[in-house]
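Notes for the one structure printed next.
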Amino acid sequence: MSGRQGQLRTRTRLPAAACLQRLLLAAPLLVPLATPAAAQEPSGKTWSDLASAQAESNRQAGARQVPAHALPVPKEGVSPQEQTVIAGAYVPYWNADPKNAAEWKDFVDKAAAPVLAALPAMREKLGVISEPVTIAGVKAYIVQPRVVPAANLGRVLLHIHGGGYVLSPGEAGTREAIMMAAYGGFRVISVDYRMPPDAPYPAAMDDVMVVYRELIKTTNPKRMAVFGTSTGGGMALALVLRIKDEKLPQPAAMAPGTPWADLAEVGDTYFTHEFADNVLVSWKGWLGRAARLYADGRDMKDPQLSPIYGDFHDLPPAILTSGTRDLFLSNTVRVHRKLRQAGVEALLQVFEGQSHAQYYADPFGPETIDYHSEVACFFDAHLAP
């Protein structure tokens, strides 16, 4: 391992006692959004002019009318690396509109290409190895650090990748697993589940469930956790709901990052953060089209499609993550509240200024290290040794 890799590992792995203390001190605090005073007023108008116009526009109760304004890149509490991510242009394919199966596949291949190109160097720098496997007929990858810490030798994390149910096939779906293996020191099983247009719901959930059933044959579920971001976060929630329905033992913990918990355009930040989130941008772009493709005509309020509508009682402890510009912030907040109402231990962490899933956009940035440290601490506190 290089000196740089050693530095990264030293910065991220905390002793179990320190992890526990950090968790006990942590509060599920929601960072406030920027106030109107921080916004730039339209050219030629004073703030008083704007305030008067807004007061008139919102004189009646109902939908809130807000003016067009610029969102400055936050500086306080945000690393220079993350400021670059926050200031980035829109993801180029945010409004892609594939018309048939061939166009969807071309869209998926083009989105995956730069990810695949970057993975070998990323694995090398982080000291991670990845091996393709087949588990009970389902494709997957075993992703782990070159040396697994002794405390984690018997532990396994089940990873469900994101990508709107259509993106990140094959090895492209292992990017998040690589970071968790490196910064958390865990052995990770990343499921390469089937996706539309060839395999809409329930193929993806069936694949993840098959892998979970197989893993618990050889690994105590008390030594397992499930995690994923976006679609992966929504599927992690759907998985534990299905595990409960099938009366199987639950994993010890879960980390649904900015979970796509409601496939429909339901939730405040689908509207307040539309065009502010530079990753997803708008549900009305490719995202909503992917949701309809995956649902394949089924009711989007089915808890296996939109887990927010499921029964959250008796689910595993959870740590949830989002950002103050994330289109899915409301998805995350709604899940957190529902877990707490069901009596489930749940922590919520929200990063300043971040759009969707930008807590690991820069694989070597301070916020990425911080995110994985928090999740690793949470898992350390809940997984059996």
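Things to note:
- Loop sites in the stretch 186-278: GluC sites (Glu not before Pro), DSSP, at most 13 other Cβ within 10 Å: Glu246
- The phi torsions of the stretch 57-66, fed into the Karplus equation with coefficients 6.51, -1.76 and 1.60 and a -60° offset, translate into couplings of 5, 10, 5, 9, 5, x, 4, 7, 9, 10 Hz, rounded to whole numbers, with Gly and Pro shown as x.
- Other-chain or far-sequence residues with amide H under 5 Å of Arg187's (modelled H): Leu157
- Span from the the stretch 279-303 Cα centroid across to the the stretch 141-207 one, whole angstrom: 22
- For Ile129, the residues 5 or more places off, or on other chains, whose built amide H falls under 5 Å of its own are Gln144, Arg146.
- Total charge dipole magnitude, the stretch 218-361, about the Cα centre, Cβ charges on Lys, Arg, Asp, Glu only, Debye to nearest 20: 260
- Point-charge dipole on Cβ atoms (K/R +1, D/E -1) for the chain, about Cα centre, debye to 20: 860
- Helix 16-25 axis versus longest C-alpha principal axis of the chain: approximately 30°, rounded to the nearest ten.
- Crossing angle, helix 366-382 versus the chain [Cα axis fit, 0-90 degrees, rounded to tens]: 50
- A simple packing score, the average count of other Cβ atoms within 10 Å per residue, orders the peptides 95-108, 339-352, 319-332 as 319-332, 339-352, 95-108, with the highest score first.
- Charge dipole (the chain, unit charges on Cβ, about Cα centre) - positive-most of Ala102, Thr134, Leu153: Leu153
- Relative contact order computed over the stretch 202-345 (Cα-Cα under 8 Å; 6+ residues apart), in percent: 27
- Over the chain, relative contact order from alpha-carbon pairs under 8 Å, at least 6 apart, %: 20
- Taking Cα atoms only, the orientation of helix 175-184 departs from the longest principal axis of the chain by about 70 degrees.
- Dipole orientation for the chain: of the candidates Ala113, Gly297, Tyr212, Tyr212 has the Cα lying most toward the positive pole (charges on Cβ; Lys, Arg +1; Asp, Glu -1).
- In this structure the amide hydrogen of Leu320, modeled in the peptide plane, comes within under 5 Å of the amide hydrogens of Leu347, Leu348, Gln349, none closer than 5 places in sequence on its chain.
Only the coordinates and a few stated rules stand behind these numbers; no lab work does. In this text, all values refer to a predicted model and were calculated from it rather than measured experimentally. Backbone-built Cβ (ideal geometry, glycine too); neighbour counts: all protein chains shown.
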